[in-house]
Structure formats: C-alpha cells, structure tokens
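The values are calculated or read from the model by the stated rules, or taken from the named source; none is laboratory data. Just so it is clear, the model here is predicted, and its values are computed rather than measured. We place every Cβ from the backbone using ideal geometry, glycine too, and count neighbours over all the protein chains shown. Each accessible area value is taken on the protein alone, full model and side chains, heavy atoms only, with ligands, DNA and RNA left out. Shrake-Rupley method; radii C 1.70, N 1.55, O 1.52, S 1.80 Å.
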Protein chains: 2
Amino acid sequence: MRICFFGDSFVNGTGDPECLGWAGRICAAACQQGYDITYYNLGVRRQTSTELKNRWLAEASCRLSSEFDSRLVFSFGVNDTTQEDSKTRVNFSTSIENLSHILNSAKQIFPVLMIGPPPTPDRQQNQRIAHLSAEYADVCQKIDIAYLDTFTQLQSSTIWFKEAAANDGYHPSAGGYTEFANIVQNWSSWLSWL
Amino acid sequence: MRICFFGDSFVNGTGDPECLGWAGRICAAACQQGYDITYYNLGVRRQTSTELKNRWLAEASCRLSSEFDSRLVFSFGVNDTTQEDSKTRVNFSTSIENLSHILNSAKQIFPVLMIGPPPTPDRQQNQRIAHLSAEYADVCQKIDIAYLDTFTQLQSSTIWFKEAAANDGYHPSAGGYTEFANIVQNWSSWLSWL
C-alpha cells in the first residue's frame, strides 16, 4: 500500500528529533506488524488549506497510481486559524470550501482519510481550531469521508502541551507525536485500512 | 536548516520497516546531536533523472526559501539504468544531461549535495550504474558540487545485498539503510553542513 500524507508541519513532524512525526510512527508500526507500506510524507511547514488545495494533486499524481493500492491522508487547519495583521491567514468559509474541494476531488481517485488539526498552547487560537474542527467533521460526514477529531483528544494530553512549550511553542517533540500517533492507531478507520 | 532530499525509492527508504531510510537516519542522528533540521523526504519510487528534472523545482519551491537556511540533496541514477524492452529507461547521455541540468539550476538557488546511486544485486545493471556513477562524479567536479560515490563503498557491504535479496531483490531493510546512512555521515561534505 502506498500512502501520501498531505498537510502542514504537524504532518511533517517538525520538532521531532526522531524525524518520524505521527505519520512516520503509524507507518513504521504497521510495517513492523508485517504490512507493506510505502510512506510518502508531504507535510509542509506553514501551509494553509489554500496552499494544499493548489499542490496536493500534482504531488500525489507522481507518487500514486491506480496500478497500486494507493491511499491519501490529509491533515491541516491550524495554519488557517493563525492571526496575522488582525485577521486569520485563511477565513473560516474559505477553509471549509478548501476542505470540501480537496476531499471531493481526492475521493474520486483514491480512498481518503481526514485527520483534524491538533490544539496549540494559544487559547484564543484553540477556540478557532475547535470551531474549524467541528465544521470539518460535519463536512466530512456529508461527503462520507472518515474524520478523526484529534483536537479534543490532545486537549487532555499533558505531554503535547509541555513539549510544545519547551520546543518552539507549537510543535511537540517525540512524546507529543507518539501521543498523536496513538490516537490515529486506535482509530477504527485507520485500522480498517490495514 | 531545512533540507529537501530528492530522488528515487532509495531516498524514500522503500523496504525500511522503520520508515526512515538513509535520509531519515542522517537527519535523526543530527537532530539528536542538537541540530535543528526540518526533514523533507521527496524520494519517489521508480523515478528516473528525467522525472526528477521535471518535478524538483516545484516541490522545492513550496518547502524552501531564501528566508531560511535551505539545502538540497539529490540522489538518483539506478532507475535510469534499468532495462525495459532491451534498452535502458533513460539513455546514458540523457542521464548525464539531466544531472547537469538539475544541479546547475539547483546550485543557483541553494547549497547542493549529490549522492550517487547504490549497487543492486544485478551484475549487468551494476556495470551500468558504475559507469554512470563515475560520469556523475566527473560532472559534479566540473560544476563544483560535492559528489559521494556510494556504489563503491556499498559493493563491499554484505548486509546491503543480503537484505535486498531477502526483501524485493532491490531494496534493503533497516540494516542496509543504516550502512548507507553511515557512509553519508562519514562524508566530509555532509559533516561540513552541520
């Protein structure tokens, strides 16, 4: 199975000294259980849903093909909610349109999973992420794509916030990414892919 | 430092149950020594130098920027030498032109390293890879880009060939990628980047 993981710095695993992030951890765990997975990590730091909308198809097209068992995982949203010049980098309705555009196009080609944005140490930004994550869940339900709410589960993770604070204020280290990976690994939609 | 690694399945780390490959191993080792590295693995299975020539700039442009300390590492060549329909997938002179085109463009933007193709268990293909690797070394010397000959060093690696044979005939497992990583980690040009 060949899987492209598209998203932001959290998909990239920025801050993880083991260079795996959550995506690398779930694929390594599956490989070590004997599954044959080709792992393409296409997370890019600072990218919003608008930037992802513009690049995912070109990057997926040279890595995946209907000849192989090809899959797509998306995870983004935090950067859309970042404030710059007293407005968010992407406004709420555009974030929703971008999600809808990406997933509707993607599901026509390959099986797709959507993993929601994690929390940050910024309380006000977290309110915006919580709002976006809830709406993302609704959109995914309507278009029949499995959605994982990581925000709610990671809100109660001490290590996620502790490592982010000790790191650059946003990205955890190996422990936080392990927590994130555990949430995905316990998700029935991920398990059903294996 | 943000590093994009462009290449083929050997860059991707195909066959490595730890999902790191040699590129992930050298970055993880550097991070664990305290270096701040953002690791972008852009190896794609089956890609030749022609396919790389067509995609590297678009994929690098959304990940790197002159605002950050940005670097490029390339490693390809094996797929060019694969025979299909009694000719190689890319002919020798086109392979050389592609290398020259990629590296001349890349060095104008960011610091660049070139890592040569490794050996395979196929003796005839290895003759072609050895020839290509020697010519790649010459091209790199002429345009002043550091080139690492992995072919000669991995030829004497028992684990590289043993794991490739036990795997899919081409790609090693964790031990072979660790050998490859050790060769890069002992290379003065990589060490001078850290």
C-alpha center-to-center spacing [the range A:146-160, the range B:103-121] in angstrom | 40
Long-range amide H partners of B:T38 with built H, under 5 Å | B:R2, B:I3
Calculated FRET efficiency for the pair A:S189/B:D36, C-beta based, R₀ 30 Å, to 0.05 = 0.30
Once the principal axes of the Cα atoms of the range B:89-168 are found, what is the range along each, listed largest first in whole angstroms?
-> 42, 25, 20
Might you report the magnitude of the Cβ-based charge dipole of the range B:41-194 about its Cα centre, with Lys and Arg at +1 and Asp and Glu at -1, to the nearest 20 debye?
-> 120
Might you work out the accessible area of A:T88 for me, using a 1.4 Å probe with all protein chains in place, and round it to the nearest 10 Å²?
-> 40
For the range B:1-58, convex hull volume per residue from C-alpha positions, Å³ | 68
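If I compute solvent accessible area with a 1.4 Å probe over the protein chains, what percent of it on chain B is carbon and sulfur? Please report the intermediate quantities before stating the final value.
On the way: 3640 of 7980 Å².
Solvent-exposed carbon and sulfur of chain B make up 46 percent of the total.
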Cα point-scatterer Debye curve for the protein assembly as shown, base-10 log of I(q)/I(0) at q = 0.07 Å⁻¹ | -0.31
Model label zone, A:A134; criterion: amide N under 19 Å from point 7 Å along Cα-to-beta-carbon; scope the range A:41-77 = A:77
Among beta bridges assigned by DSSP with both residues in the protein assembly as shown, the antiparallel ones amount in percent, to the nearest 5, to 10
Lys/Arg +1, Asp/Glu -1 at C-beta; the range A:2-193 dipole; positive extreme among A:S157, A:I109, A:A181 | A:I109
Expressed in angstrom and rounded, the centroid-to-centroid distance over alpha carbons for the range B:53-71 and the range B:13-29 is 21
Cα-derived Rg to Rh of the range B:2-193, Kirkwood definition | 0.94
How much of A:R63 can a 1.4 Å solvent probe reach, expressed as accessible area in Å² and rounded to 10?
-> 10
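How high is the relative contact order of chain A, in percent, with contacts defined as C-alpha pairs under 8 Å that are six or more residues apart? Mind dumping the intermediate values first?
Working: 330 pairs, mean separation 45.7, N = 194.
Answer for chain A is 24 percent.
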Amide H contacts of A:T88 (H built 1.01 Å from N, under 5 Å, at least 5 apart or other chain) | none
With all protein chains modelled, accessible area of A:T14 [1.4 Å, Å²] | 10
Karplus couplings for the range A:181-194 from phi (6.51 cos²θ - 1.76 cosθ + 1.60, θ = phi - 60°), rounded to Hz, Gly and Pro as x?
-> 4, 4, 5, 5, 5, 9, 8, 4, 5, 5, 4, 6, 6, 7
Estimated dipole of the protein assembly as shown in Debye, rounded to 20 [Cβ of Lys and Arg +1, of Asp and Glu -1, Cα centre] | 260
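Let me confirm the definition first: pairs of Lys residues in the range B:2-193, 8 or more apart or on different chains, C-alpha distance under 23 Å. How many are there?
Number of lysine pairs found: 4.
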Can you tell me how much longer the chain between B:S156 and B:D85 gets when fully stretched, taken as 0.36 nm per residue apart minus their C-alpha distance, in nm with one decimal?
-> 22.5 nm
Once label points are set 7 Å from the Cα along Cα→Cβ at both A:N167 and A:L57, what is their separation, rounded to one decimal in nm?
-> 3.2
Per-residue HN-Hα couplings for the range B:162-168 [Karplus 6.51, -1.76, 1.60; θ = phi - 60°; Hz; x = Gly/Pro] = 5, 5, 4, 5, 6, 8, 10
The size of the Cβ-based charge dipole (Lys, Arg +1; Asp, Glu -1) of the range B:132-194 about the Cα centre, to the nearest 20 debye, is 120
